[in-house]
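Below is one structure, written out as structure tokens; the observations come after it.
Read the figures in this text as sums done on the coordinates, not as results from a lab. A quick note: this is a predicted structure, and the numbers were derived from the prediction, not measured. No Cβ is skipped: glycine too gets one built from the backbone with ideal geometry, and neighbour counts run over all protein chains shown.
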Amino acid sequence: MTRVFLVVMDSAGIGGAPDAAAFFNDGVPDTGANTFGHIAEACAAGRAEEGRSGPLRLPNLDRLGLGAAIKLASGVSAPGLGEAPNGLWGAATEISRGKDTPSGHWEMAGVPVPWDWTYFPKTVPAFPADLTAEVARLAETDGILGNCHASGVPIINELGAEHIRTGWPICYTSADSVFQIAAHEESFGLDRLLRLCRDIAPRLHAMKVGRVIARPFTGRPGNFSRTPNRHDYAIDPPAPTLLDWAAADGRMTHAVGKIGDIFSGRGIGALHKGKSDADLFDHLMVLADGAETGSLTFANFVEFDSLYGHRRDVSGYARALEWFDTGVGRFLARLRPGDLAIFTADHGNDPTWTGTDHTRERVPVLGWGMGEKAVGQVGFVDIAASVATHLGLQQIGPGRSFL
């Protein structure tokens, strides 16, 4: 038996989603969004020069077929990404009605989302009164702060001092199906915050809200900063996923990054966490050397999305991609004959686009271990089917292997 490494570059879309017009950022449809393509264009035009310079340089991913995948998905010839592929390459299209983390990951693990997510209105207040009353009851406070759409760092800076004075948790949401609670690790308490999020999560999940996210921070007014102790309480997948298929067959499964949170711990044999994507890549390198024969490693690298996509930081996103590509070269050099590595994404987050939300895009499917192989346009579920085929697992659900 061989091994599979399924690696998600969170938000690294390649444009071209056929239903992009039905998804919006600040009232503007996502038609034409292209995370990789627009970053490459900005770099080539000299508009991404902070901490780096010149055209986007991704030789390892491009040799697998990144440039070819971008052109297949969107018709865009991305500057600097035009090598002839020597790996497996194609573009995947999502059918779930969401451009969010759970939808993308579940579907690539073989389970499209069968419901519409609940999103909170962009009003103040944003949340129903009975929900906020329950949060306050569980927190043992007289109320909550926030109760609106917001970005994490600005709302902490705005309300952090009042939070410390009153003890009330800061509750906010975004364009995603999420309920986020920020609290100070010392004055409120990290364990108390995690318990609050855990206890309110079933109520939000019953409403089909995808995640309750604990957002701890430290510091003092004028100098607040979020900590790495974020924790997501995600709704359970509605059916067995690729991780469950592997676990049921007695295979070892490794979850790197937030995969454990996304799948609510189901089907996961070992968790590998870190404070940064650099820490997570160290885990991936160790697993390249030591993961068991027949095992599945499922990894998510979140900082493309969390640090650069949402903040519309084109230079930062480009720097992160170039750093990641260097690591890809070292990682592939450690793999064994018979291994399969697939690099993909869960959605887009075009840093050149309007608004701060994810963008509805196709995603790359780039593979090492099968030689040069053009797989064309595939579905997210076909990724799960292909991994199952390579590992010799029984597939439970839709999808067709492209191997």
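Side notes on the structure shown:
- Helix 129-139 axis, angle to the chain major axis (alpha carbon atoms, nearest 10°): 90
- Rotationally averaged projected area of segment 163-233 (alpha carbon convex hull; nm²): 4.8
- Per-peptide average of other Cβ atoms within 10 Å, ordering 264-275, 14-25 highest first: 14-25, 264-275
- Against the main long axis of the alpha-carbon atoms of the chain, helix 190-206 sits at an angle near 80°.
- Measuring against 19 Å, Cα to Cα, the residue pairs Lys99/Lys258; Lys208/Lys273; Lys71/Lys373 contain Lys208/Lys273 as the ones spanning a longer distance.
- Seen against the Cα atoms of the chain and their longest principal axis, helix 35-44 is set at about 80 degrees.
- Shape of segment 258-306, Cα gyration tensor, a/c cut at 1.5: oblate
- For segment 60-167: rounded, prolate or oblate by the Cα gyration tensor [a/c cutoff 1.5]: prolate
- Cβ crowding within 10 Å ranks Arg198, Arg220, Arg3 as Arg220, Arg198, Arg3, fewest other Cβ atoms first.
- Computed over the alpha-carbon atoms, the chain gives an Rg to Rh ratio of 0.96, Rh here being the Kirkwood radius from the mean inverse distance.
- Within the shell of other residues whose beta carbon sits under 12 angstrom from the beta carbon of Lys258, the net charge comes to -4, with Lys and Arg scored +1 and Asp and Glu -1.
- Taking the alpha carbon gyration tensor of segment 1-59, multiplying each eigenvalue by 5 and rooting it gives semi-axes of 24, 23, 9 Å, largest first.
- Inter-label distance, nm, simple model (7 Å from Cα along the C-beta direction), Ala278/Thr218: 1.8
- Among 341-352, 88-99, the peptide with the highest mean count of other Cβ atoms within 10 Å heads the list, and the full ranking is 341-352, 88-99.
- With the highest mean first, a sort of the peptides 131-142, 226-237, 297-308 on other beta-carbon atoms found within 10 angstrom per residue produces 297-308, 226-237, 131-142.
- Shown in residue order for segment 141-151 are the 3J(HN,Hα) couplings computed by the Karplus curve 6.51 cos²θ - 1.76 cosθ + 1.60 at θ = phi - 60°: 10, 8, x, 10, 10, x, 6, 7, 7, 6, 8 Hz (x for Gly and Pro).
- Amide hydrogen neighbours beyond the local backbone of Trp353, cut-off 5 Å, H modeled: none
- Gyration tensor (alpha-carbon) shape descriptor, segment 161-283, a/c threshold 1.5: oblate
- Relative to the compact-globule estimate of 2.2 N^0.38 Å, the Cα radius of gyration of segment 315-391 comes out at 1.30.
- Summing Lys and Arg as +1 and Asp and Glu as -1 over all other residues whose Cβ lies under 13 Å from the Cβ of Ala42 gives a net charge of -1.
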